[in-house]
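Here is the structure we will look at, set down as structure tokens.
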Amino acid sequence: MPASRPSTGIAIIALTLTALACGAWSGPPDAPVTITSANQAAYTHTLPAGRLAAPVGTIVATPNFPTGVAILGHRIAVLANGASRAQSIAFYDRTTLTAETSLIGLAKPLKTPLPSGAQVLKHQDFFQGLATGPTGTLYAAGGASNDILAIDTAGPTPRVIHTYRLIWQPFPHNQYPYVYQGAHHADVHKPAGLEADKQSHPRYFFPDAVAATAHHVFTTGLLANSLARIDLATGATTYLNVGAYPNAIAFADHGKILAVSLWGDNAVALVDPTTMKLLAKIAVGPHLTATSIEAGLHPIALAGRRSTPHLYVALANGDQIVEIDTTTGKILRRISVLPYRNAASGSYPDALALDGTRLYVANAGNDDIMTIDTRTGAERGLTPTGWYPTALAVTPHHLYAVAAKGLGSGPNLDHQWVGDMMHGLLQQIPRHPAPSAQTAFTRAALADNHFLPEQRAALAARNARVTRRLDRRIHTVVLILRENKTFDEEFGRYPGLGHWADPQLDLYDRKELPNLYHMAATGALFVDFDADGEVTAQGHQWTTAASDSDFVQRTWGQYYSNRGLQGNPGWTQPLSTPAKNTDPDDPFADDIDLAKLRRPATNPWISYPNGRFLFDDLSRHHVGFENFGEFIARDRAGTVRPAILASTDAGYPGWDRMLLDTVRARVVDRWIAAHRTAMPRFIYIWLPDDHTAGRNPCYYTPDYYVANNDEATAQIVSALSHTTAWAHMAVFVTEDDAQSGADHINAHRTFLVAYGPWVKPATIMTKPYSQVDLIRTIEAVTHIPPLSQWDQNARVISGIWAHHPDDAPFTPLPMQTARAVNPGTCTLATRLRFDAGTSGKLLTPAFAAAHGKAAALTPGDRYTPTSLLKVAGGEQMRQEWIASKGKASYQHVMNALTRYAAAKGAPLSAFRAND
């Protein structure tokens, strides 16, 4: 289906997804390019939800996931903190955007060559904060390095002139998140000055924002709930507790007020920078307590007027800008950044720049910049950006923006990881376009997101027609979610798909997936279906909330690359090692109040998007559901609401690689048998086995995990097909993301299979859909409102529904893959877990006592639930491929990919992920 812009006054050439399968992928340019009507099609790309990334002005590529930008005389500095081994500060000519040099921080040794002229900083990380001091010194926040770097940029080559170390600060037990949320494992490096807890595990201040005066530099500690002031002459540091998750700093009122945004609170802290005393906390939303259940508003960015007491606050999760008088503490004005009347949440304003009477707002969710007249609060227009803008800087003549995901992903022909393969984008935009150009930009920004009135009216009419037809056919919908597969990885050899499949990239097929292939052949197979996120942390929010929050977007890369933060996208994880050798991680933690757990755990409330999750939506509208395995929302203290827990199977196994999906299927089947004549409207089932455990010794082989997942899926579908609800049921099977394999069309492409009595047999659906369209379809069936702008503007799935049903029950096909275990030396803990898992049990203290005798387990033997979880997709692919097909086959497919890249007229390095 063509992805084209309606007429905007700027010539746009239609770009189809099919063309991406046949032609060269054009990502952000390495050299600056000024967008014109002649080249705009080459730099307009379709994103997973069908929206377009189509920046204007002059653009150039940056390293993966930039989040900071600063003006330095004739230079622009861009800080990038993606999930790769290298994080960096890159420098560009301010006028031409020509890349000059870079400082590269390495957490681990880098295998790929460094850019020419780059300086390497060993054991150095970066995170978000970047600011220029009055003397021209650049200051950068070090995140997990626990430091602030002072960088001299006066000469031709920027150089670090000082490193200021920071120390974690305790915060009150009654202050969110109540328990320190940093990683508990030993990191790849431990900088000097890093504090440790009683178990000698590092604790991080985790600086994430920075601002400077002539004599001091100020920084916020994300994990310490603190503000730090560093004396530039002596290095002496003063700390002040300011509140939950501080993450931005701005001065107001002639420098007499220092404002700090509190990401984990609906508030802004005002501080006297001279005395380091807390003056006030200004509420920008409802007062929050430990029992607050609604998502936070996420104050994330600040812009202050040094000459006045006025301060502007961006509420990323509230789609508002709040103007505050810092002298009186009063809110002067609230400005909505929503793109149309009655829009759902999801604009995610996350960066601000202020100059004169113009306030510029980067809307990360809408891929645009809104210009606001500060005299009236009126919008003056929109400007299209790259995918997910995260930072802004302004000069008298230009606005500079960085977009974390650039222009999106193309094919990952070199098995690169979708999590770090996308280059960011630096964009230079004229501040004073002609009125006709600004009008065109505004219309283009709306059209790219399908927000024009005529687009929304057409979609509403279409969805209403489809829903009316669907109401007569489907009354119950079941979603079976699996883990981490691209389309080519599982359907590359599926017959009759033509250019939609590449058999050379197929890792699993009919042998491991007889039932999935049978469901596709007798149901519907979607060949142009995208995951909306890149990794599991995002994927489980997209499949339950039709969005992922700004907190998840900005932080997942840090814990996936083991940089100080503990994983916190909605699930819970232990924050300390087991107290005893026999104390395993609790796989049911997502169904238990945090206070009832044996060990402190991550508190995920801050990660929730504004609309929360499907389960909340269904509960609010009194629609029956059952949840098997997906995380559920909590209040700020970590308590699960009884209404949600009542429809969640608390005995369903969570992430444990030794408990097979056939064990999970038996749990589901027992529930189905008990509810055969009284099924709820929606059922969510998580089956994670096809994630596999790679080549980890003593775990099942990847082939067997995938085959077991297939058998479990078949058992569940068979059980469903013997219920009274089957006559009007639709079952959807898909993945949470597409990160573990290669795909010749797009690294976000995965599969969707639809099955049920009303699904037309042997349907090959070639229309582009994504996970948010699936969520929109579930909402249509259950008659609940959308959760975000994405599902509000998504399509109810059509083209697969039959005129007459075939309600014959589903008969599972037998597994064709023998049970096998990876070779290698097994630790006692692994053997005990394996023995427990084969009997459908967990490694409990009682089981260990009965089977492990008195054998002691070393710390390295203790159970960890992360086998191949949060491991880069390229490494997942390598391990699975070698374990399944052998090293020779892996080398063969790599050689084929090299030839494929050459055929596209690009060097292999053009398709290689950041390492």
Next on the checklist: Return the residues of the range 489-513 that are farther than 23 Å from TYR890 by Cα and touching a helix residue (DSSP H, G or I) at 6+ places or on another chain (Cβ under 9 Å); say none if nothing qualifies.
Outcome noted: LEU497
Checklist entry - Counting only residues that are farther than 18 Å from ALA707 by Cβ and at pLDDT below 95, which one in the range 651-677 is surrounded by the fewest Cβ atoms within 10 Å (Cβ to Cβ)? => result GLY651
Checklist entry - What is the number of the single condition among (1) closer than 21 Å to TRP758 by Cα; (2) assigned to a helix (DSSP H, G or I) that GLN504 does not meet? => result (1)
Checklist entry - Before we move on, is PRO384 buried (at least 22 other Cβ atoms within 10 Å of the Cβ) and either of a type in the set (Gly, Ala, Ser) or within 24 Å of PRO786 (Cα to Cα) (or both)? => result no
Item to check | Qualifying residue in the range 334-347 (condition: free of Cβ contacts under 8 Å to residues at least 12 places away in the same chain and outside any loop (DSSP other than H, G, I, E, B)) | outcome: no
Checklist entry - Could you list, in sequence order, the residues of the range 556-566 that are surrounded by 24 or more Cβ atoms within 10 Å (Cβ to Cβ) and polar (S, T, N, Q)? => result GLN558, SER561
Item to check | Single residue of ASP548, ASP590 found to be surrounded by 23 or more Cβ atoms within 10 Å (Cβ to Cβ) and modelled with pLDDT under 85 | outcome: ASP590
Item to check | Complete set of residues in the range 311-330 that are in contact with a strand residue (DSSP E or B) (Cβ under 6 Å, 6 or more places away or on another chain) and either surrounded by fewer than 24 Cβ atoms within 10 Å (Cβ to Cβ) or over 30 Å from ALA595 (Cβ atoms) (or both) | outcome: LEU311, TYR312, VAL313, ALA314, GLN320, ILE321, VAL322, GLU323, ILE324, ASP325, THR326, GLY329
Checklist entry - For TYR705, which of the numbered conditions (1) of a type outside the set (A, V, I, L, M, F, W, C); (2) at pLDDT 95 or above; (3) crowded, with 21+ Cβ neighbours inside 10 Å; (4) in a loop (DSSP other than H, G, I, E, B) fails to hold? => result (4)
Checklist entry - Can you name every residue in the range 782-806 that is out of contact with any Asp or Glu (no Cβ under 8 Å at 6 or more places or on another chain) and in contact (Cβ under 8 Å) with a residue 40 or more places away in the chain? => result THR782, HIS783, SER788, GLN789, GLN792, ASN793, SER798, ILE800, TRP801, ALA802, PRO805, ASP806
Checklist outcome for this item: Here the residues within the range 294-310 that are surrounded by fewer than 16 Cβ atoms within 10 Å (Cβ to Cβ) and either at pLDDT 95 or above or not hydroxyl-bearing (Ser, Thr, Tyr) (or both) are ARG306
Item to check | Contacts under 8 angstrom Cβ, first residue in the range 877-892 being without any contact (Cβ under 8 Å) to a residue 60 or more places away in the chain, partner basic (Lys, Arg) and surrounded by 18 or more Cβ atoms within 10 Å (Cβ to Cβ), 6 or more apart | outcome: TYR890/ARG878
Checklist entry - Of the residues that sit in the range 223-243 and are crowded, with 22+ Cβ neighbours inside 10 Å and closer than 16 Å to HIS173 by Cα, which one is farthest from the chain's Cα centre (by Cα)? => result VAL242
Checklist entry - Scanning the range 507-524 for residues that are in a helix (DSSP H, G or I) and among the small types (Gly, Ala, Ser), which turns out surrounded by the fewest Cβ atoms within 10 Å (Cβ to Cβ)? => result ALA521
Checklist entry - Of (1) farther than 30 Å from THR135 by Cβ; (2) touching a Leu at 6+ places or on another chain (Cβ under 9 Å), PRO32 satisfies all except one. Which? => result (1)
Checklist entry - Within the range 56-103, can you find the residues that are in a strand (DSSP E or B), of a type in the set (Gly, Ala, Ser) and in contact (Cβ under 8 Å) with a residue 40 or more places away in the chain? => result ALA61, GLY68, ALA70, ALA77, ALA80, ALA86, ALA99
Checklist entry - Could you give every pair whose Cβ atoms fall below 9 Å, whose first residue belongs to the range 479-490 and is on the phi > 0 side of the Ramachandran plot, and whose second residue is acidic (Asp, Glu), counting only separations of at least 6 or pairs across chains? => result ASN484/ASP690; ASN484/GLU735; ASN484/ASP736; ASN484/ASP737
Checklist outcome for this item: So, first residue among the charged types (D, E, K, R) in the range 750-771, second residue in a strand (DSSP E or B), Cβ within less than 8 Å, six or more apart or across chains; the pairs are LYS760/ALA524; LYS760/TRP801; LYS767/ASP528
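The values are calculated or read from the model by the stated rules, or taken from the named source; none is laboratory data. Note that this is a predicted model, so its numbers are computed, not measured. Glycine also receives a Cβ, built like all others from the backbone with ideal geometry; neighbour counts cover every protein chain displayed.
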